[in-house]
Each structure stands twice: as structure tokens, then as C-alpha cells.
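Peer 1: This is the structure I have questions about; it appears just below.
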Amino acid sequence: MSSVIADNYHAICERIADACARVGRDPAEVTIVAVSKTVGVEEVAQAIRSGMHDFGENRTAMFNAKREAFPDERWHFIGSIQTNKIKDFVGRAALVHSVASERALRGIAKRAQMLGLSQKVLLEVNVSGEQSKDGIAPNALPTLLECASELEGIEVKGLMTMAPQGNADSARATFRALRKLRERFAASGGATGRIQLRELSMGMSEDYPLAVEEGATIVRIGRSIWA
Ligand SMILES: *Cc1c(COP(=O)(O)O)cnc(C)c1O
């Protein structure tokens, strides 16, 4: 069955495959998270029929409403983290992309311990230094990783960033810098196994082919899927 959403999805898969081919990567290394924050359950249902199974939401209420509607899919929490909302996604999110403070990290760990589980998270880094962006400064990463390595209930799977919009060169520089950070800190965390920086969540509708060329393992795409 053809639909706008299916057509868009296939076009995105092709662009990702092309980007991979340019740099010798395997497209199977790249997961598309469909960011569904601007659409309803009808569109999500169509996306599932088109082959998408990872979805992202940035508000806990919508995260839970849609996750309950489609419990068999993987739901990612990608929004900024308020301490009083942590209980709404810990143990439910396949991956939390947006951990940007020690306070959030400790809150997630505490909740995870209470539930007797371990929560997979990414640390959000504000590589470009834009004031408007969430995320820790790159030089704060070692401290946050050290904190994470001591927290039961936390598994750090990688890093996330948002690039400046409207400028391909600075977007690419941002993605490249995040990859360099991963390389530099990949071995931190020692033997606890709580830190394994494999994932790079970077690239949105405007810039995902660049992000894939620079090593993204997860792209978070909204508008290009639904438009
Ligand atoms: C909305 C959002 C996206 C998707 O952005 P598009 O430009 O619609 O592709 C990706 N990541 C985060 C954190 C978002 O909030």
C-alpha cells in the first residue's frame, strides 16, 4: 500500500543508503527514530505499516499516550528532562537521548534502582555552544561519565547532539566533533560495563545525510517523514 508516509520513508532510506555508500558504511548500522511529536496515532499507525519501529517523543504525556497505543514499538525519550517527570519514562523508554546533567542522571538511576532495572541513556552534548541548545559542554563530559560509571541502574550507550540549523558546514563540524568525543572517551568507565559509547544520535530532517556521513548510528527524523 502506498502512502505519503511510506514514500517519504523509502526516500529517507535511500538517502541514508547513498550517504553510507559515500563513506563506506553499512546502512544497517543506522537506526531511524521517527519523531512523532507533531502527529497523532493515525500517522504513527501508518508509519508502522511502512516499516518504522522506533519512535521519539519529547514530552512525557505524549510519550506515554502513544507508547500505550503502540506498546510493541520502541519508544525513545528525546526531550529535555525535568526531575519530576523522570518516573514517566524510566523503564519505559528504549533509550533516553537527552541526559544533560548529573541531577538527571542521578534521578534516572534512583528510579531505575527502585524498579530493579537498568535504563539505557545517551548523554547530550552541546558541541556548537549555542546558548539556545540543551546539553553539556564537551569539557564537562569526563565528569558526567565518571558519575555515570558509579551509578547502578544506568547504562550509557553513547552521545547525542543537535546541530546548528541552516548551515551545512557547521552542522558537519558539530557531527564530526561528537564522533571525536566518542572516540576519545570510548574506553572510559572501566570494568563496570555501565559505559559503552557506541551510539551517536545526531541528524534531523535538515541534515541527516551529513550526520550519517560523519558516523551517526541513530538519526531522529520528524518533518521529512510526515510532510
Ligand atoms: C523535533 C526533534 C527532532 C526532529 O526534527 P525534524 O527537524 O522535524 O526532523 C529531532 N530531535 C529532537 C530532539 C527533536 O526535538
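Peer 1: How high is the relative contact order of the chain, in percent, with contacts defined as C-alpha pairs under 8 Å that are six or more residues apart? Mind dumping the intermediate values first?
Peer 2: Numbers: 440 pairs, mean separation 46.5, N = 227.
Relative contact order, the chain: 20 percent.
Peer 1: Sticking with this one: For E124, enumerate residues with amide H under 5 Å from its amide H, sequence gap 5+ or separate chain, H modeled in the peptide plane.
Peer 2: Here V99, A100, I136, M160 satisfy the definition.
Peer 1: Please list the non-local residues whose amide H lies under 5 Å from the amide H of G56, H modeled 1.01 Å from N, same-chain partners needing a gap of 5 or more.
Peer 2: Long-range HN contacts for G56: A34, V35, S36, H76.
Peer 1: Any idea what diffusion coefficient the stretch 4-226 gets from Stokes-Einstein, in µm²/s, Kirkwood Rh on alpha carbon pairs, 4 °C, 1.567 mPa s?
Peer 2: Rounded, D is 74 µm²/s.
Peer 1: Taking θ as phi - 60°, what are the ³J(HN,Hα) couplings along the stretch 218-227 by the Karplus curve (6.51, -1.76, 1.60), each to the nearest whole Hz, with x for Gly and Pro?
Peer 2: For the stretch 218-227, the Karplus-derived couplings read 9, 10, 10, 10, x, 2, 5, 7, 8, 5 Hz, x marking Gly and Pro.
Peer 1: Quick one: which residues, 5 or more positions from S205 or on another chain, have an amide H under 5 Å from its amide H? H modelled 1.01 Å from N in the peptide plane, none for Pro or chain starts.
Peer 2: Placed amide hydrogens put G222, R223, S224 under 5 Å from S205.
Peer 1: Sticking with this structure for a sec: In debye to the nearest 20, how big a dipole does the chain give about its Cα centre with +1 on each Lys and Arg Cβ and -1 on each Asp and Glu Cβ? Mind dumping the intermediate values first?
Peer 2: On the way: 29 positive and 28 negative charges, 110 e Å.
Once rounded to the nearest 20, the dipole reads 520 debye.
Peer 1: While we're here: Given the -39500 (n - 2.57) contribution per DSSP H run of 4+ residues, what per-residue ellipticity at 222 nm results for the chain, rounded to the nearest 500 deg cm²/dmol? Walk me through the intermediate numbers first.
Peer 2: On the way: 8 runs with 91 residues, N = 227.
Dividing the helical sum by the residues of the chain leaves -12500 deg cm²/dmol.
Peer 1: Report the extension gain between A28 and L117 in nm, rounded to one decimal, defined as 0.36 nm multiplied by the number of residues separating them, less their alpha carbon distance.
Peer 2: On the way: separation 89, 0.36 × 89 = 32.04 nm, distance 2.81 nm.
The A28-L117 span can extend by a further 29.2 nm.
Peer 1: At R0 = 25 Å, how high is the FRET efficiency between E102 and E183 if r is their beta carbon distance? Nearest 0.05 is fine. It would help to have the intermediate numbers written out before the result.
Peer 2: Numbers: r = 23 Å, r/R0 = 0.94.
The value I calculate is 0.60.
Peer 1: Using the crude model of +1 on Lys and Arg Cβ and -1 on Asp and Glu Cβ, and no other charge, please compute the dipole size for the stretch 84-172 relative to its Cα centre, in debye to 20.
Peer 2: On the way: 11 positive and 10 negative charges, 75 e Å.
Value, rounded to 20: 360 debye.
Peer 1: Using per-residue counts of other Cβ atoms within 10 Å, averaged over each peptide, order 22-30, 70-78, 201-209 from highest down. Write down the numbers at each step before the final one.
Peer 2: Values: 22-30: 12.3, 70-78: 18.8, 201-209: 22.9.
Descending mean neighbour count gives 201-209, 70-78, 22-30.
Read-outs: derived from the displayed coordinates by stated rules, not from any lab. Here the structure is a predicted model, which is why all the values come from computation and not from measurement. Reconstructed Cβ throughout: ideal geometry from the backbone, glycine too, with neighbour counts over all protein chains shown.
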